[in-house]
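Report on the structure given below.
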Amino acid sequence: MTAFTSCNPATGEVVYTRAAWPESQLPAALAQLRQGQRHWRELSVAERAAQLLRLADQLQAHREELAGLVTLEVGKRTAECLAEIDKSAQLIRYYAQLAPELLASLDIPTQASRSGVAFEPLGTVLAVMPWNYPIWQVLRFAVPALMAGNACLVKPAPSVPQSTQRLLELARAAGLAVLDVAWIDHDQVEEAIRQCDAVAFTGSTQTGRAIAALAGRHLKKTVLELGGSNPFIVLADADVAAAAQDAANSRFRDAGQSCNAAKRMIVVPEIAEAFIDAFCAEAAKLRAGDPRHPATTLSPLTRADLREALHAQVLDAVAHGAELRLGGQMPASPGFFYPATVLDRVNSDCRVYHEEVFGPVAGILRARDEADALRLANDTPFGLGASIYSADKERAWTLARQIEAGSVFINRHTSSDLRLPFGGVKSSGYGRELSEFGLYEFVNVKTYWQK
C-alpha cells in the first residue's frame, strides 16, 4: 500500500510515492534503536553534542538541496525553507552549548552522606510529525531528546517523504545511528507507541487527542504541540501601520499554514477602520506564484483537501454575517493556491471564530472596548500564543498576564525563540519545547540517596 506521496503544491502533480513498511519491520527497527541507545546513553553529553554538531554541519552544507525538497513537497517559498534549515542548524548549536551544563547531575544536601538528582534518558521516543515544517519540527523535538541520551523514531507526515528521507541520510552521514524514520501507516502508530518509552506529537488538536488517548492506554509520557488560533490585539494607542504590517507578515507567511501565526485580529473602535484598511493594503500586495521564484510572496497551500476545507470556512463565515473585504475566491489555475483573504466583522456564529484557520485567511473581530478585546482573545478553545499592540507597555504587560496562552508577545507577532519555551494550554496541548524546559521533557529526573 502506498502510504507516502509527494505532490507538488504549485502544480498538483504527484512527484514521488513510497510504500509503508510491512508490519514486521517496525519491531526490527525498534530493536536496533534500543541497542544503539544503550551505547548512546553512556556517552557524555559533550560527546553527544559533538556528534550532533556534525549534523548541523551537514544541514548547512546541503541547505539549498534540502530547502528545495521542502519547497517541492510543502510548497513554501524557497526563502522560507532556507530559513527553516538555518534555524534547525542554530537549534543544534544552541543545545550543544547549553546541554552539558543543564544535564549535569546535582548534589543536594540532605541528612544522607550523599544525595542528589540526575537527568537520565527515558529510552526511545516516538515522534508523530506534521508536514508544514518537516525539518524544523523533527529536530525541535529530536535534538534535546538526543542530547539527553534518548533514541528517536520519527513517523513523518504522509506528504513529506523526500524531505524526511534526506534528513535521515544527513543524520547517518553525521554518524547518528539513534535517529531513525518509521515508514508506518496510521494503523501501526499504536504499536509504535506501545513499544516506545515516550511520545511527541505536533499537529491538529483532533489527532492530538487520539495520540494522547493511545499513549494514556500504555502509560507513556507525551508532549503535544497542537493547533492555535492566536489573537492579535490592537489597542487604541498602538502604532497602527506597524501593527498592520506585522499582522500581515504573521498571518500570510508560509501561506498561513503555521499553528503559531496571528489568526484573529481583534481591534478596538478607535483604530478599527485605520487598521483594517492598512491590513488589507498589506495583504493586497501579496503575489501568488511559483514558490521557487524570488518575486513570489504568497505560496500555495500544501494539499487540495486543505484548500477545500479552508474555502468552506470562508463561505460559512460570509453566510453567517462576516464581510469579505479581500480575496475569498477559489482560483481556477493549476496548483493549490488560495488568495490572501480578509473577513471583517467575524462573529461567534462563524466557524472561523471557533476553529483553527490553516491558510491565508484572516478574521477581523471588532471589540467594543479593551475589556471586550481581552474577552474575545480568551473566547477560544485554543491557547498557543497571542500578541498585544500598544504604546503603553506596562498596560500591555498587565493585559498579557490575563491572556490564556503559552506565550504573549507585546508589539511583535508571535514566533519561537530557541531560548524561550514553546507550547500551549487548553486545546493547544501541553508540555514545552525549546529552551531548558524542552531539554527536561524526555528525561527521568532521578533521585539518588546514600546513607
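Readers should treat all values here as calculations from the given coordinates under stated rules, not as data from a laboratory. The shown structure was predicted, so the numbers you read here are calculated from the model rather than taken from an experiment. We place every Cβ from the backbone using ideal geometry, glycine too, and count neighbours over all the protein chains shown.
Annotations
- Considering only beta bridges that DSSP places wholly inside the chain, some 35 percent are antiparallel.
- Computed from the Cβ-Cβ distance with R0 of 41 Å, the FRET efficiency linking residue 105 to residue 412 stands at 0.60.
- FRET efficiency, 1/(1 + (r/R0)^6) with R0 60 Å, evaluated for residue 270 and residue 44 via beta carbons: 0.55
- For q = 0.14, 0.18, 0.24 Å⁻¹, Debye-computed log10 I/I(0) when each Cα of the stretch 1-85 counts as one equal scatterer: -0.81, -0.99, -1.01
- Residues listed by number, the stretch 102-143, amide nitrogen under 12 Å from residue 446 label point at 7 Å toward C-beta: 105, 117-123
- Distance from the C-alpha centroid of the stretch 333-347 to that of the stretch 238-255: 16 Å, rounded to the whole angstrom.
- Reach of residue 221 by Cα under 28 Å, taken over lysines that are not fewer than 8 positions away in the same chain: 87, 155, 426, 446
- Taking every C-alpha pair closer than 8 Å and separated by at least 6 residues, the mean separation divided by the residue count of the stretch 148-287 gives a relative contact order of 18 percent.
- Between the stretch 142-188 and the stretch 57-116, the Cα center-to-center distance that results, in Å: 14
- Normalised by the number of residues in the chain, the mean separation of alpha-carbon contacts (under 8 Å, six or more apart) gives a relative contact order of 19 percent.
- The three principal axes of the C-alpha atoms in the stretch 332-439 carry coordinate ranges of 47, 37, 25 Å, sorted with the longest axis first.
- Residue 112 paired with residue 332, simple spin-label distance in nm, labels 7 Å along Cα-to-beta-carbon: 7.5
- Stretch gain in nm, segment residue 323-residue 277, where the contour uses 0.36 nm per residue and the Cα spacing is subtracted: 15.2 nm
- When only Cα pairs below 8 angstrom with a gap of at least 6 residues are kept, the stretch 12-90 shows a relative contact order of 25 percent.
- Residue 57/residue 191 FRET efficiency (R0 45 Å; Cβ-Cβ; nearest 0.05): 0.80
- DSSP-defined antiparallel bridges as percent of all bridges, the stretch 65-216, nearest 5: 15
- When you filter the trypsin sites (Lys or Arg not before Pro) in the stretch 23-120 for DSSP loop state and at most 10 other Cβ atoms inside 10 Å of their Cβ, nothing is left.
- Rg over Rh, two decimals, the stretch 141-289 (C-alpha only, Kirkwood Rh): 1.12
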